[in-house]
Amino acid sequence: MKKTLLACVALLSVGAAWAEYPDKPVTIVVPFAAGGPTDKVARDLAEALRKPLNATIVIENVGGAGGTLGATKVSKAAPDGYTLLLHHIGMSTAPALYRNLQYKTLDDFEYLGLINEVPMTLISRPNLPANNYAELQKWLHANQGKINLANAGLGSASHLCGLLYMSTIKIDMTTVPYKGTGPAMTDLIGGQVDIMCDQTTNTTSQIDGGKVKAFAVSTPKRLGGSLAKLPTLDESGVKGFNVSIWHGMYAPKGTP
Ligand code: ASP
């Protein structure tokens, strides 16, 4: 009888604990710097979750090493629902690119779901002397060996899109890694780096505001809205070019 009572009390307290979730702030780790696309998606998501969860949601930016530092942090966090990870395709590219990854992508996380998928745009510093894709192509050929490509580190979306672009057009560029494309965008606007391939999440407002030049989109079809005038890379002669970026949400393995 005493045992049954204890078991009931234990069950009730487990129930109560879950009924109360979340009873403290939930942290979403963004494995890139603030001000970039992953950060923006996480902040929009946090805004949407705040009311239904009735919780404080904190965004923690743990940028560096193409997103692997943030992913490492979440893989080692307590599996209690209070630490989540918002990451993108870097989650699936890192195992092939990093020799000493501190986590096992398939074993160390619960996969919560796909959050969004976005196209990318090829953009440049505002003072680059080209105003359409044909002029950009000419400029790239004339400046081989001197071109800087900003990106968010090895295996990041901007890095892979940039590398695919370089190898398709057969022009080498110096890759300049940042902790995210938020700070990379600041340097691109300031003219410290030449070109970048980044999600429309981050580029649309800068293109619309004339802060950067835009030459093409990475998807096989043109986009809508204010970017509708941009050609696809495929129609600009970079045949078959097709890149879009998904973001997903993850929790440490064992999170119920
Ligand atoms: N856009 C990024 C990438 O290139 C990262 C970020 O969201 O800052 O992977």
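Just so you know, all these numbers are worked out from the coordinates, no wet-lab data involved. These numbers come from a predicted model, not from an experiment. Neighbour counts are summed over all protein chains in view; Cβ atoms, including those assigned to glycine, are modelled from backbone coordinates with ideal geometry.
Annotations
- Centroid-to-centroid, using Cα positions, the range 146-184 and the range 196-214 are 15 Å apart.
- Out-of-range pairs (alpha-carbon distance over 22 Å; input 40/221; 73/179; 24/253; 138/213; 40/211; 138/239): 40/221
- Axial C-alpha extent at least 15 Å, average Kyte-Doolittle at least 1.0 - helices from the chain (DSSP): 2-19, 157-169
- For residue 60, distant residues with modelled amide H under 5 Å away: 28, 29, 30
- Partners for residue 229 among aspartates and glutamates (Cα-Cα distance below 15 Å; same-chain residues under 8 apart left out): 208
- Amide H to amide H, with H built 1.01 Å from N, residue 198 comes under 5 Å of 121, 123, counting only residues 5 or more places away or on other chains.
- Only the Cβ atoms of Lys and Arg (+1) and of Asp and Glu (-1) were treated as charged; on that basis the dipole of the range 72-140 about its Cα centre amounts to roughly 360 debye.
- Once backbone amide H atoms are built at 1.01 Å from N, residue 241 has 234 as its partners under 5 Å, excluding neighbours fewer than 5 places away on the same chain.
- Sorted peptide list for 192-205, 215-228, criterion being average Cβ within 10 angstrom, highest first: 192-205, 215-228
- Centroid-to-centroid separation of the range 116-133 and the range 21-36 [C-alpha atoms, Å]: 29 Å
- Protection proxy ranking, peptides 170-180, 67-77, average beta carbon neighbours within 10 Å, highest first: 67-77, 170-180
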